[in-house]
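Visitor: Once you've had a glance at the structure underneath, I'll fire off some questions.
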Amino acid sequence: MELRFGPRRASYTNIADHPELLKPLSEEELTRFEALDMTYRALCAMMFNYVPLSGHPGGSISSGRIVASLLFDAMAYDMSDPARMDADIISYGAGHKAMGLYAMWALRNEAARIGAPGLLPEDIKWQLRLEDLLGFRRNPVTRCPLFNKFRSKALDGHPCPIVPFIKLSTGASGVGDCSSVGLGFGAMDYYGKENAPWVHIIEGEGGLTPGRVSEAMASAATGSLGNVVMHLDWNQAAIDSNAVCRDGSEPGEYVQWDPCEFAYLHDWNVVFVPDGFDFQQIIAAQRYAATLDNGQPTCVVYRTVKGWRYGIEGKASHGGGHKLCSAEFFETIAELEKAAGIELTRDAPGSTGKTPQEYADLIEAHYWDALNVVRTSMEKNDGMVGMLSSRLTSAQGRLNKLERKPRAGAPDVSKVFEVAAKGAGKVPAECALEPGGSTTLRGELGRVLNHYNRQSGGAVLSSAADLYGSTSIKSANDGFDGGLFNAGTNPGSRLLSTGGICEDGMCGILSGLSSFGAHVGAGSSYGAFIAAMGHTACRLHAIGNQTRAEIDGGPNRPFFLVCGHAGLKTGEDGPTHADPQPLQLMQENFVKGHCVTLTPWDPQEMWHCVTAALNARPSVIVPFVTRPNEPVHDRAALGLAPASAAAKGMYLLREAKGDGDGTIVIQGSGVCNEFIGVTLPRLIEEGIDLNVYYVSSAELFDLLPEAERRSIFPEERAREAVGITGFTLPTMFRWILSERGRALTLHPFRGGHYLGSGKAEMVLAEAKLDGESILESVRGWVKQGMLQAV
């Protein structure tokens with residue numbers, strides 16, 4: 001029996017097999033596209049030379065014609081308004097090609113400046129000019145004179161949304177492909193199958209090798225994202241290899257598939273371009289891809305050579321290039337110098353006798369001279385600039401003609417934040433709980449997310465690592481169509497398939513979904529897995545939100561990373577799953593305001609915590625929720641603070657009468673329920689009176705004014721406090737300031753080993769975090785006077 005691919009919805013096409021399609025350009029147009037690419041390759045060489053000697057010229061050069069064809073032929077977008085939501089999107093999954101992105105953007109800007117200045121936004125922050133290339137790989141505090149004179153952008157080594165038309169921060173090991181697929185989900189759901197903006201992803205074959213990319217490609221195909229097109233620069237070269245994939249009968253050094261097989265395996269249409277440097281083939285393939293109507297995403301695979309015509313090819317050109325102002329460098333730009341009628345000085349800038357700043361200023365002056373060669377050559381080439389500027393006008397016209405509008409019944413994500421603003425301290429009836437019963441934290445999170453979903457018409461799209469029901473994230477979809485989202489057959493569902501047990505890919509996808517701007521993503525798995533696997537996506541999402549705000553001034557666009565089955569109470573699964581460490585990865589581990597962790601102990605706190613987090617508008621919201629049922633306490637009868645106090649992030653759960661016998665700080669639902677249910681009544685019987693604080697969110701507490709923080713938790717309390725946590729000891733350090741308090745603090749690893757399996761109560765007992773063990777510890781502390789101020 002011969003092994004074959006099973007049935008596919010997708011198709012495979014070699015564009016060379018369609019001669020009738022292979023001359024989309026006239027000879028005159030082809031000549032002008034060739035002139036553009038010559039200019040682009042020279043500009044990439046200049047950028048590497050004058051940074052100096054930094055960046056990735058090889059992949060930037062090999063993908064240049066692909067990107068030029070998209071910008072000047074395929075896409076519908078408005079040069080005058082980069083923020084238009086209805087425009088087609090280009091997203092650099094291959095973030096190391098940032099040099100090429102910046103070079104092509106600057107050339108496009110020059111074409112508009114010379115040939116169609118009315119297309120340029122008035123505010124230069126919405127442009128990327130030749131002057132901005134002075135900021136390539138420069139820090140914002142750069143003091144070079146031209147950088148400051150021209151108000152150049154500080155262009156990071158990998159793309160971020162400070163660049164007009166760029167929606168995401170990308171470049172970290174496949175995350176950009178995942179978040180780009182998330183953009184595709186957002187555009188598809190908001191505009192609908194018939195009218196969704198296209199999302200064009202730029203990638204190389206090496207960028208397909210991270211596992212999360214396979215997850216994202218599976219997700220896009222399963223959801224039938226027919227608006228997603230990956231443009232694959234197959235040049236076979238990586239940092240350390242010139243044979244990444246299998247190539248015909250030659251085994252690959254990294255993987256044993258070729259990109260066409262990889263994409264087709266995942267049920268993506270494949271359009272193969274044998275000559276990725278032939279503009280006729282490239283544009284024919286891109287136009288053909290736009291006609292495919294089987295509902296599946298498409299991968300256009302272009303066969304190229306990394307570093308083509310640069311003088312250095314293959315892996316050597318990945319992050320390397322010619323020596324500073326070497327003869328080989330000037331050879332790569334000679335054709336451009338001839339076109340401009342300018343010859344740059346051949347002397348390499350010398351550093352002898354100069355301070356580092358003086359040398360940087362000298363390099364910058366030489367760089368600016370080189371950029372003016374580009375400008376002059378374009379100003380002299382009326383034919384090329386006329387064609388390019390005309391095509392930019394056509395791109396705007398195409399977009400306007402499409403008249404894309406949100407689909408009927410499209411979600412309104414603004415309602416999520418409006419409801420949160422009005423809902424602080426006011427629990428809606430459907431989320432209210434009566435004392436005396438029991439429920440799960442995960443279930444209450446699902447109900448809260450569902451409330452926001454209903455109020456916004458379905459703006460919360462959720463997913464899970466094959467744990468939709470187990471983590472209760474499925475509840476967020478209640479009242480919407482069942483099953484998993486498919487753009488063609490089940491567009492009403494609010495549950496996404498993100499590839500199966502795929503925390504890596506899922507978090508990237510959901511970050512991109514939220515970045516599109518019409519949704520809030522929510523993904524769940526075991527906290528033990530998702531906190532670590534999703535951390536990179538969270539960090540890039542935070543960077544993306546920060547840099548986007550620099551250009552549009554808008555708020556962050558959050559997604560939820562749900563640490564389900566959190567902590568010791570997932571005991572039956574053992575220490576591989578019942579892990580107390582994830583909070584340490586996320587809590588206070590991001591730039592202030594970009595990540596909010598939530599650690600409620602009482603199900604009644606869930607509404608208040610989530611609503612406070614939404615009002616804070618971070619990039620990522622990280623609730624920690626347990627699996628077993630938790631009691632719904634009558635807090636007033638127990639003398640406890642109301643559940644609404646959890647919105648402060650830290651609060652006095654129970655206040656001692658008078659001076660009290662000391663201070664305890666608790667974090668974690670398991671240990672707090674043990675303390676309230678077992679330890680506290682016995683302490684009261686024995687006349688031991690403590691100030692008991694609870695930490696529901698370190699980051700929400702940090703967002704309070706300093707005076708309010710000091711009022712809630714005075715420093716003298718921190719100096720006398722001892723902690724009880726279901727997480728790791730370092731998460732207590734900011735609350736417990738004395739060495740003695742830290743030494744006494746109860747935590748899961750205090751016994752010096754990973755805990756075993758068993759029911760929740762057995763694991764808590766092994767950790768000596770059950771109510772009786774806590775009681776014994778507190779008695780000892782009080783008896784020995786250890787809870788008095790240090």
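Visitor: Can you name every residue in region 399-427 that is crowded, with 17+ Cβ neighbours inside 10 Å and either farther than 15 Å from Y191 by Cα or acidic (D, E) (or both)?
Guide: If the condition is that a residue be crowded, with 17+ Cβ neighbours inside 10 Å and either farther than 15 Å from Y191 by Cα or acidic (D, E) (or both), then V416, F417, V419, A420, G423, V427 are the ones that fit.
Visitor: Out of the residues in region 740-769 that are assigned to a loop (DSSP other than H, G, I, E, B) and without any contact (Cβ under 8 Å) to a residue 60 or more places away in the chain, state the one that is nearest to V671 (Cα to Cα).
Guide: K768
Visitor: Still on this structure: Looking at region 197-237, which of its residues are open to solvent by 10 Å² or more (accessible area, probe 1.4 Å) and assigned to a loop (DSSP other than H, G, I, E, B)?
Guide: Result: W198, T209, P210, S224, G226, N235, Q236.
Visitor: What residue, of G500, G492, is on the phi > 0 side of the Ramachandran plot and open to solvent by 10 Å² or more (accessible area, probe 1.4 Å)?
Guide: G500
Visitor: Another question, then. Of all residues in region 101-137, count the ones that are surrounded by 20 or more Cβ atoms within 10 Å (Cβ to Cβ) and either acidic (D, E) or closer than 20 Å to E358 by Cα (or both).
Guide: 7
Visitor: Shifting gears a bit: Within the group S493, S514, which residue is assigned to a loop (DSSP other than H, G, I, E, B), under 26 Å from R447 (Cβ atoms) and either of a type in the set (G, A, S) or free of Cβ contacts under 8 Å to residues at least 12 places away in the same chain (or both)?
Guide: Within the list S493, S514, the selection yields S493.
Visitor: Just the residues that are open to solvent by 10 Å² or more (accessible area, probe 1.4 Å) and within 21 Å of H565 (Cα to Cα), please, taken from region 747-759.
Guide: H747, F749, H753, Y754, L755, G756, S757, G758, K759
Visitor: Also, I was wondering about something else. Might you check whether a residue that is of a type outside the set (S, T, Y) and in contact with a strand residue (DSSP E or B) (Cβ under 8 Å, 6 or more places away or on another chain) occurs anywhere in region 543-556? Please lay out each step first, then the result.
Guide: Of all residues in region 543-556, those of a type outside the set (S, T, Y) come to 543-546, 548-556.
From what is left, the residues that are in contact with a strand residue (DSSP E or B) (Cβ under 8 Å, 6 or more places away or on another chain) are none.
Scanning region 543-556 turns up no residue that is of a type outside the set (S, T, Y) and in contact with a strand residue (DSSP E or B) (Cβ under 8 Å, 6 or more places away or on another chain).
Rundown of residues vs (1) surrounded by 17 or more Cβ atoms within 10 Å (Cβ to Cβ); (2) at pLDDT 95 or above, yes/no style:
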position	(1), (2)
A549	no, yes
N556	yes, yes
F560	yes, yes
C563	yes, yes
K569	yes, no
G574	no, no
D579	yes, no
M586	yes, yes
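Visitor: Moving on to the next point. Among the listed residues I736, I774, I724, identify the single one that is touching a residue at least 12 places away in the same chain (Cβ under 8 Å), in a strand (DSSP E or B) and open to solvent by less than 30 Å² (accessible area, probe 1.4 Å). Before the answer, list the steps.
Guide: Values: I736 fails: in a strand (DSSP E or B); I774 fails: in a strand (DSSP E or B).
Among I736, I774, I724, only I724 is touching a residue at least 12 places away in the same chain (Cβ under 8 Å), in a strand (DSSP E or B) and open to solvent by less than 30 Å² (accessible area, probe 1.4 Å).
Visitor: Might you let me know whether region 142-153 holds any residue that is surrounded by fewer than 22 Cβ atoms within 10 Å (Cβ to Cβ), at pLDDT below 95 and among the β-branched types (V, I, T)?
Guide: yes
Here is a yes/no grid of residues against (1) modelled with pLDDT of 95 or more; (2) more than 20 Å from Y693 (Cα to Cα):
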| residue | (1), (2) |
| --- | --- |
| R710 | yes, no |
| P714 | yes, no |
| V722 | yes, no |
| T728 | yes, no |
| H747 | yes, no |
| E761 | no, yes |
| W781 | no, no |
| G785 | no, no |
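Visitor: Let me ask something else about it. Specify which of the listed residues (F733, F727) is touching a helix residue (DSSP H, G or I) at 6+ places or on another chain (Cβ under 6 Å) and within 30 Å of V610 (Cα to Cα).
Guide: On the way: F733 fails: touching a helix residue (DSSP H, G or I) at 6+ places or on another chain (Cβ under 6 Å).
So the residue among F733, F727 that is touching a helix residue (DSSP H, G or I) at 6+ places or on another chain (Cβ under 6 Å) and within 30 Å of V610 (Cα to Cα) is F727.
Visitor: Of (1) within 38 Å of the chain's Cα centre (by Cα); (2) of a type in the set (V, I, T); (3) open to solvent by less than 10 Å² (accessible area, probe 1.4 Å), I712 satisfies all except one. Which?
Guide: I712 satisfies every listed condition except (3).
Visitor: Given the condition under 22 Å from C507 (Cα atoms) and in contact with a Lys or Arg (Cβ under 7 Å, 6 or more places away or on another chain), answer yes or no: does some residue in region 572-587 qualify?
Guide: Quick first cut of region 572-587, residues under 22 Å from C507 (Cα atoms) only: 576-587.
Then drop every residue that is not in contact with a Lys or Arg (Cβ under 7 Å, 6 or more places away or on another chain), which leaves none.
No: region 572-587 contains no residue that is under 22 Å from C507 (Cα atoms) and in contact with a Lys or Arg (Cβ under 7 Å, 6 or more places away or on another chain).
Visitor: If you don't mind, there's one more thing I want to ask. Looking only at region 607-630, which residues are polar (S, T, N, Q), crowded, with 24+ Cβ neighbours inside 10 Å and within 24 Å of G553 (Cα to Cα)?
Guide: T611, S619 - these are the residues of region 607-630 that are polar (S, T, N, Q), crowded, with 24+ Cβ neighbours inside 10 Å and within 24 Å of G553 (Cα to Cα).
Visitor: When you scan region 310-405 for helices (runs of 4 or more DSSP H) that lie fully inside it, which ones turn up with 1 or more residues that are under 25 Å from C144 (Cα atoms) and among the acidic types (D, E)?
Guide: 356-380
Visitor: Answer with yes or no whether A476 is outside any strand (DSSP E or B), in contact with a strand residue (DSSP E or B) (Cβ under 6 Å, 6 or more places away or on another chain) and either of a type outside the set (S, T, Y) or surrounded by fewer than 15 Cβ atoms within 10 Å (Cβ to Cβ) (or both).
Guide: So A476 fits the description; yes.
Visitor: Here is a further query. For region 261-286, enumerate the residues that are open to solvent by 10 Å² or more (accessible area, probe 1.4 Å), of a type in the set (A, V, I, L, M, F, W, C), under 30 Å from S26 (Cβ atoms) and not in a loop (DSSP other than H, G, I, E, B).
Guide: Across region 261-286, the qualifying residue is only F272.
Visitor: Conditions: (1) modelled with pLDDT of 95 or more; (2) part of a loop (DSSP other than H, G, I, E, B); (3) in contact with a helix residue (DSSP H, G or I) (Cβ under 9 Å, 6 or more places away or on another chain); (4) open to solvent by 40 Å² or more (accessible area, probe 1.4 Å). N294 meets all but one. Number of the miss?
Guide: So the condition that N294 fails would be (3).
Visitor: Taking R41 as meeting all but one of (1) without any contact (Cβ under 8 Å) to a residue 12 or more places away in the chain; (2) crowded, with 19+ Cβ neighbours inside 10 Å, write down the number of the exception.
Guide: (1)
Visitor: Still on this structure, I have one more. Looking at (1) surrounded by fewer than 24 Cβ atoms within 10 Å (Cβ to Cβ); (2) under 25 Å from Q587 (Cβ atoms); (3) not aliphatic (A, V, I, L, M), which one does Y526 not meet, given that it meets all the others?
Guide: Condition not satisfied by Y526: (1).
Visitor: Limited to region 178-197, what total is found for residues that are closer than 10 Å to I509 by Cα and either touching a strand residue (DSSP E or B) at 6+ places or on another chain (Cβ under 6 Å) or of a type in the set (A, V, I, L, M) (or both)?
Guide: Qualifying residue count for the region: 4.
Visitor: Oh, and also: Pick from region 34-86 the residues that are part of a loop (DSSP other than H, G, I, E, B) and of a type in the set (D, E): which of them is farthest from A111 (Cα to Cα)?
Guide: Ranking the qualifying residues of region 34-86, first place goes to D86.
Visitor: Could you list, in sequence order, the residues of region 316-367 that are surrounded by fewer than 20 Cβ atoms within 10 Å (Cβ to Cβ), within 28 Å of A238 (Cβ to Cβ), touching a His at 6+ places or on another chain (Cβ under 7 Å) and not charged (D, E, K, R)?
Guide: Within region 316-367, just G319 meets the criteria.
Visitor: Now a separate question. Please work out if G174 is of a type in the set (G, A, S), under 22 Å from F485 (Cα atoms) and touching a residue at least 40 places away in the same chain (Cβ under 8 Å). Step through it out loud before you land on a result.
Guide: On the way: of a type in the set (G, A, S): yes; under 22 Å from F485 (Cα atoms): no; touching a residue at least 40 places away in the same chain (Cβ under 8 Å): yes.
No: the conditions fail for G174.
Visitor: Answer yes if at least one residue in region 452-462 is of a type in the set (S, T, N, Q), assigned to a helix (DSSP H, G or I), at pLDDT 95 or above and open to solvent by 40 Å² or more (accessible area, probe 1.4 Å), and no otherwise.
Guide: Among the residues of region 452-462, at least one is of a type in the set (S, T, N, Q), assigned to a helix (DSSP H, G or I), at pLDDT 95 or above and open to solvent by 40 Å² or more (accessible area, probe 1.4 Å), which makes the answer yes.
Visitor: Sticking with this structure for a sec: With the requirement that a residue be farther than 14 Å from A566 by Cβ, assigned to a loop (DSSP other than H, G, I, E, B) and either of a type in the set (S, T, N, Q) or open to solvent by 10 Å² or more (accessible area, probe 1.4 Å) (or both), what does region 590-606 give you?
Guide: Across region 590-606, the qualifying residues are F590, V591, K592, G593, H594.
The values are calculated or read from the model by the stated rules, or taken from the named source; none is laboratory data. Please read all numbers here as calculations on a predicted model, not as lab measurements. Neighbour counts run over all protein chains shown; Cβ positions are idealised from the backbone, glycine included. Ligands, DNA and RNA are excluded from the accessible area calculation, which covers all protein heavy atoms including side chains. Shrake-Rupley method; radii C 1.70, N 1.55, O 1.52, S 1.80 Å.
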